[in-house]
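The values are calculated or read from the model by the stated rules, or taken from the named source; none is laboratory data. Note that the coordinates shown come from a computational prediction; the quantities given were computed from them, not determined experimentally. Positions of Cβ are backbone-derived with ideal geometry, glycine not excepted, and every protein chain shown enters the neighbour counts. These accessible areas exclude ligands, DNA and RNA; they are computed on the full protein's heavy atoms, side chains included. Shrake-Rupley method; radii C 1.70, N 1.55, O 1.52, S 1.80 Å.
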There are 4 protein chains.
Amino acid sequence: MYLFNSDYMEGAHPLILKALADTNFTQTPGYGTDAFCKDAADKILAACGSPDSFVHFLVGGTQANMTVISAFLRPWEGVISADTGHINVHETGAVESTGHKVLALPGKNGKLSAAQIEAYAKAHMADSDREHTVKPAMVYLSQSTELGTLYSLAELTDISNVCRNYGLLLFVDGARLAYALACGQNDVKLCDLARLTDAFYIGGTKCGALFGEAVVISSPELSRHFRYMIKQKGGMLAKGRLLGIQFGTLFSDGLYEKVGAHGIRLADRIRVALKENGYRLFAESPTNQLFPIFSSRQLEALSREFSFTLWQQFEDGAAVRICTSWATEEAAVDRLINMLKDLKQA
Amino acid sequence: MYLFNSDYMEGAHPLILKALADTNFTQTPGYGTDAFCKDAADKILAACGSPDSFVHFLVGGTQANMTVISAFLRPWEGVISADTGHINVHETGAVESTGHKVLALPGKNGKLSAAQIEAYAKAHMADSDREHTVKPAMVYLSQSTELGTLYSLAELTDISNVCRNYGLLLFVDGARLAYALACGQNDVKLCDLARLTDAFYIGGTKCGALFGEAVVISSPELSRHFRYMIKQKGGMLAKGRLLGIQFGTLFSDGLYEKVGAHGIRLADRIRVALKENGYRLFAESPTNQLFPIFSSRQLEALSREFSFTLWQQFEDGAAVRICTSWATEEAAVDRLINMLKDLKQA
Amino acid sequence: MYLFNSDYMEGAHPLILKALADTNFTQTPGYGTDAFCKDAADKILAACGSPDSFVHFLVGGTQANMTVISAFLRPWEGVISADTGHINVHETGAVESTGHKVLALPGKNGKLSAAQIEAYAKAHMADSDREHTVKPAMVYLSQSTELGTLYSLAELTDISNVCRNYGLLLFVDGARLAYALACGQNDVKLCDLARLTDAFYIGGTKCGALFGEAVVISSPELSRHFRYMIKQKGGMLAKGRLLGIQFGTLFSDGLYEKVGAHGIRLADRIRVALKENGYRLFAESPTNQLFPIFSSRQLEALSREFSFTLWQQFEDGAAVRICTSWATEEAAVDRLINMLKDLKQA
Amino acid sequence: MYLFNSDYMEGAHPLILKALADTNFTQTPGYGTDAFCKDAADKILAACGSPDSFVHFLVGGTQANMTVISAFLRPWEGVISADTGHINVHETGAVESTGHKVLALPGKNGKLSAAQIEAYAKAHMADSDREHTVKPAMVYLSQSTELGTLYSLAELTDISNVCRNYGLLLFVDGARLAYALACGQNDVKLCDLARLTDAFYIGGTKCGALFGEAVVISSPELSRHFRYMIKQKGGMLAKGRLLGIQFGTLFSDGLYEKVGAHGIRLADRIRVALKENGYRLFAESPTNQLFPIFSSRQLEALSREFSFTLWQQFEDGAAVRICTSWATEEAAVDRLINMLKDLKQA
């Protein structure tokens, strides 16, 4: 049985395990004040071409989203998200638990548009009773999105401009950023994210690390007290070095690119096979998440050898998510493709 | 320079690193639903002699404290803690950030007494305006405490009885539990904690793991929805297996006991040296934290080779904390003891 | 200029002012522990035919909603509301500020259906990853709704049954309950609300009082610590007597019924005039809120003498809200109706 | 039986009731946007000699404290208070319920000193691990304090200077401000409060109004979004006019001064009688709260005719609080003084 359910089914890239072992008895101060973290932050900022930004390491995605959003917003402010956004549906109300409403707007393929955000912000300002509603103060996007889609550089630039015009902060969830960066269709680079957002994060958990997300914050004002917030929200790892060592490794010798490229190459192989064999897709996605629709018969056969995430049940069959990653085995992909050929509709 | 500042200056016990490497490409489902977590939980419950309890793995101590306390309390309820308790002083208000007041009572050597807790609970019930004050609903202890002291079985039993009589939940922070269990003076076993508390946790971060705390909850009612809470508070690791693998290793072949024993044996050597050479102690502690008072001259000399945590500054000198752990090197302890001899008061 | 904007444009029913003046120098204990509150609570419970329920007085509607919802829910739980529900749109995220997500479902004429609630609860229970989403634990309805519509007794009974089957609490916002009760179409009585809900409130602010909402809670368990919560959320009036005196007056000699009947009678007159003169309605409502659509020309003319609440702007004209109340002057309604006749479409 | 328990045992000053009755049918917009509120705010700012400040009306003291503190602080920040401060002991953890720790320092006669605040702020800044502790960001004082004592102008100026030097906001709770202002010993005027604090409030509830506190905020930045916060925290009265009318009356024709003067004159009579007849005081207070210690015999006799608030129980007797107010009857004071004479220690 091979698990294609998600991109966190295995441990870590072997180079990361090796780095952890090599440094195991090196003593360091705690809580991310060590030299490994400093080195990793420097490498990340160099990769972002943004030497004046600030890097903070967190353990996981929900934690990063909750901590950034509640650190940046005032109590009466809310965050705009696509209705399919991770913070709106899959974080057990973590953002609300910090007191902030997620202002969910209908997404298109998991994405928001600049026009949509502008209209919402404008309507709030025009409302004479606006104090009775939550003030929109931040926009949350994911790159890639929960449906595997991408914002183009033009789209991200437009959204960034609207945010600056309307006093909204822009925050990008990059839990799967390695796969977005490695995707052929993508034209948004790390330096664009650093330039166009107030904060974004570089996912480690799903991109080769055991765990960890590197939050990049643009302004000193937003970064200044962020460590208090990490501590308060339970995200300050005593052995913060673990994050420094992992991200230092990911940002050495192009490992983060390699990790993304492997996942995308195998996803592309499956994507081609799905199309060539006439499978319908629930969502068009160019990255490492694929959403084919299988008939009950097909699903039953596939499920003898593979596990997927059920995405939506239909009367005859279901849409599932197939995920590749840095760890996906070529041989498993071969087997899957062969079976997809065998099972194609007559 | 050797760091005696705390018990989280290195990585993990080599057996833990090995277990992580050995299982690295084994695929598992995420979020702690894997077989490694199941196995580790079973081992922990067996060690606690408490097969009907429930184990939940969290990443760190502040996170564990905040998640347990806010999961168990209702909004109008607060948690009683010694004024020196970790939740009261060193968690950046994490408990308050979830809406609950820490009801700090003056500790004695970092400890609360059953009588003190009873008096507080009684006074609240007797107050006709009690609705204007926070309702005490939980007691938070640490074993060992922030000053390295221990609750005896008799003390813990008394406190547990008071808690049950007054409807207070009892929660024990065991971030340094390995060292408490290994201490010669200690008579509180894992099974006592499981029996006398509503929840406690078994520290991994400071006791040989890379990170991780295993929360043991007695009642199905308190455990039932706890995973929602872990997720909401940002503590649900995608690769939850990492916690299962680590705790499975710690609870195999007596590793958790060995880890504690090593730290205590070296602490005992330093403790004896401090006493034999006439050093005063800021606090009497039988576990792996020592609080000697050094003169400025002594501190200056020691600081050329060792690093400690500054505990309290005095006019001439300071109290510092010396911490040993599973990772402390015998040779470093030899060097420290030699220097302590050399520097003793004439 | 006559204000039809809402039902809180004036002070209080003269009998209430008189009662406040008559009792002004009577000394009472504070915080709602006085005899006036006791008397009012008894009268309300008698009116509800529910002697074993509990009454708590709060100052306003947002406060009542926020206090009840956050008192009843656990941190990982959310409240289901129609998307147009007051808690979802017009309370500046008060519910979220207490940590809870409002689970907004698309309403029909401002109403939820039992089927819709059941489907949502069922889907949550069936989701194997349900711990990653907010647990639905309460249903919030308004009677009458924000669009002036009513739940029938059959609809409310169905919803109550679904709630009981799925472990959801049922809470009804009765800010405008006097007008719902007085409406010809209504078949839901106070005793039905007491019987079918876990809590509901009887609005005072919009129904003849200066301010105040009387929350009726069914179960002793939910009521037991509610006063702690009122105090903590800032809703415990020092001179709680003011609420007792007002609600005691409203529930004497049928005043609450008279207040509702006056508002409904005048709303009915306007409703008939709107229909007879061919005006379109944005929403069909049988209670004291009317939502006619006026052309720009009509609106301009009407606005010289009357003020309404803008509901939705259209290219030529707008939907507005006309509200009547216990205080609405017959003469103002006469003038409005005459102008509606004059302005009708040729 | 005459109640001396507190200063909220009666309704409102008759001029306030009259003003409410006189304006009862005047229509106004809601939520404090009416002309009565505008007029009252203007009068208050004139009385404060602070035309550029901002006035916001809230219903009660706990609500005002919670709303101001949570509006001004960031999540990782806490508020310094005397341990006897109302927010620390008598608000059911309202401040903590908004996520902020109350940093309680030992008060002297209910007061903090500038030196104490400075030492605390300095220690925080000097702590290299300060991110592990709550950042002090505001100082909360009461004038008069919970023990009836007063800050002198010199003391308040010193505290204000420390606050500005250390980046702490200064907030003064004036629930009993009328009695502080009217006290012979007092040298702090309204204009001093406006000048030296970032926000303070002028108590109405205990000073002649039915309810209401007028918050005066110095800076436009702190005031800008405060109405969102009032609404979110449940403090925005639909009929906000009620607050405008009451404060407009209190700040016309010197009524606020008269209210305070009456309470103080009668308190002074009792104070003199207590001293002349040899009663001991639990706390020395120059304002409208008196804290005599009575023997059991005295208390029993007094309690046949008068009710007090029990402050602290002793073996033989108790300290009680006697409170006067705008409403206290001269005849009741006469009777009390006579009995105090009769009961004096032989």
Task: Estimated vicinal HN-Hα couplings, Hz - the range D:127-144 in sequence order (Karplus 6.51, -1.76, 1.60; Gly, Pro = x) - done: 7, 6, 9, 4, 5, 8, 10, 5, 7, x, 9, 7, 10, 10, 10, 10, 10, 6
Task: Complex-versus-alone comparison for the range C:97-119, residues with a loss of 20 Å² or more in accessible area, probe 1.4 Å - done: C:97, C:99, C:101
Task: Label point 7 Å beyond Cα along the C-beta direction, distances from residue A:295 to other copies (nm, shortest first) - done: 5.9, 9.1, 10.1
- [ ] Starting from the Cα of residue B:275, draw a straight line to each of the lysines and keep only those under 25 Å, dropping any in the same chain fewer than 8 residues away.
- [x] B:108, B:111, B:341, B:344
- [ ] Give a residue-ordered list of calculated ³J(HN,Hα) values for the range C:178-187 (Karplus: 6.51 cos²θ - 1.76 cosθ + 1.60, θ = phi - 60°; whole Hz; x for Gly, Pro).
- [x] 4, 6, 5, 4, 7, 6, x, 6, 6, 10
Open item on the list: Sequence gap at least 6, Cα distance under 8 Å: using those rules, report the relative contact order of the range D:51-170 to the nearest whole percent.
Closed with: 27
Open item on the list: What FRET efficiency comes out for residue D:165 versus residue B:284 if R0 is 35 angstrom and r is the Cβ-Cβ distance? Round to the nearest 0.05.
Closed with: 0.30
- [ ] List the equivalent ellipsoid semi-axes of the protein assembly as shown in whole Å, largest first, each obtained as the square root of 5λ for an eigenvalue λ of the Cα gyration tensor.
- [x] 53, 44, 27
TODO: Could you calculate the contour length gain from residue D:130 to residue D:275, that is, 0.36 nm times the residue separation minus the distance between their Cα atoms, to one decimal place in nm?
DONE: 47.3 nm
Task: Sum of -39500 (n - 2.57) over DSSP H runs of 4+, divided by residues of chain C (222 nm, nearest 500) - done: -12500 deg cm²/dmol
Open item on the list: Please report the residue of chain A with the smallest beta-carbon distance to the A-to-D rotation axis, and give that distance in Å, no decimals.
Closed with: A:99, 4
- [ ] In nm to one decimal, list the spacings between the residue D:219 label point and its equivalents in the other copies, with label points set 7 Å along Cα to Cβ, shortest first.
- [x] 1.5, 4.7, 4.7
TODO: Give, ordered by residue number, each residue of the range A:1-33 whose 1.4 Å probe accessible area is reduced by a minimum of 30 Å² on adding the remaining protein chains to the chain alone.
DONE: A:3, A:8, A:9, A:10, A:11, A:17, A:24, A:25, A:27, A:28, A:31
- [ ] Mind listing the long-range amide H neighbours of residue C:282? Cut-off is under 5 Å, sequence gap 5 or more, other chains count too, H placed in the peptide plane at 1.01 Å from N.
- [x] C:291, C:293
- [ ] Determine the distance separating the Cα centre of the range D:268-292 from the Cα centre of the range A:38-54; give it in Å without decimals.
- [x] 67
Task: Nm distances between copies for residue A:191, ranked from closest, using label points 7 Å along Cα→Cβ - done: 6.0, 6.6, 7.8
- [ ] Set the Förster radius R0 to 35 Å, insert the Cβ-Cβ distance between residue B:296 and residue D:83 as r into 1/(1 + (r/R0)^6), and round the FRET efficiency to 0.05.
- [x] 0.55
TODO: With unit charges on the beta carbon (Lys/Arg positive, Asp/Glu negative), name the residue among C:259, C:2, C:15 whose Cα is farthest towards the positive pole of the charge dipole of chain C.
DONE: C:15
Open item on the list: Given a 1.4 Å probe, show me the residues in the range C:195-211 buried by at least 20 Å² of accessible surface when comparing the whole protein assembly to the chain alone.
Closed with: C:205, C:210, C:211
Task: Contact surface C-D: accessible area buried, both sides summed, square angstrom, 1.4 angstrom probe - done: 3900
Task: Under-5 Å amide H pairs with residue C:306, H placed in peptide plane, nonlocal only - done: C:2
Open item on the list: Checking the cross-link filter: which lysines have an alpha carbon closer than 19 Å to that of residue D:38, excluding same-chain neighbours under 8 positions apart?
Closed with: D:231, D:239
Task: FRET efficiency, residue C:108 to residue A:222 (Cβ-Cβ, R0 56 Å, nearest 0.05) - done: 0.85
Task: GNM flexibility winner over chain D from D:151, D:120, D:140 (Cα, springs under 10 Å) - done: D:120
Task: Neighbouring partner chain Cβ atoms per residue of D:73-85, average, 10 Å criterion - done: 4
TODO: For the range A:60-104 and the range A:193-264, write down the distance between their C-alpha centroids in whole Å.
DONE: 18
Open item on the list: Cut-off 16 Å, label point 7 angstrom out along Cα-to-Cβ of residue D:33: give me the residues of the range D:49-78 whose amide nitrogen falls inside.
Closed with: D:57
Task: Separation in nanometres of the label points that stand 7 Å from Cα toward Cβ, at residue C:115 and residue D:252 - done: 5.9
Open item on the list: If I compute solvent accessible area with a 1.4 Å probe over the protein chains, what percent of it on chain A is carbon and sulfur?
Closed with: 52
Task: Per residue solvent-accessible surface (Å²) - the range C:150-252, probe of 1.4 Å - done: 26
- [ ] Using a 10 Å cut-off on Cβ to Cβ distances, tally the other chain neighbours for every residue of C:134-141 and report the average as a whole number.
- [x] 2
- [ ] Would you mind getting the accessible area per residue of the range A:269-346, heavy atoms of the protein chains only, 1.4 Å probe, in Å²?
- [x] 47
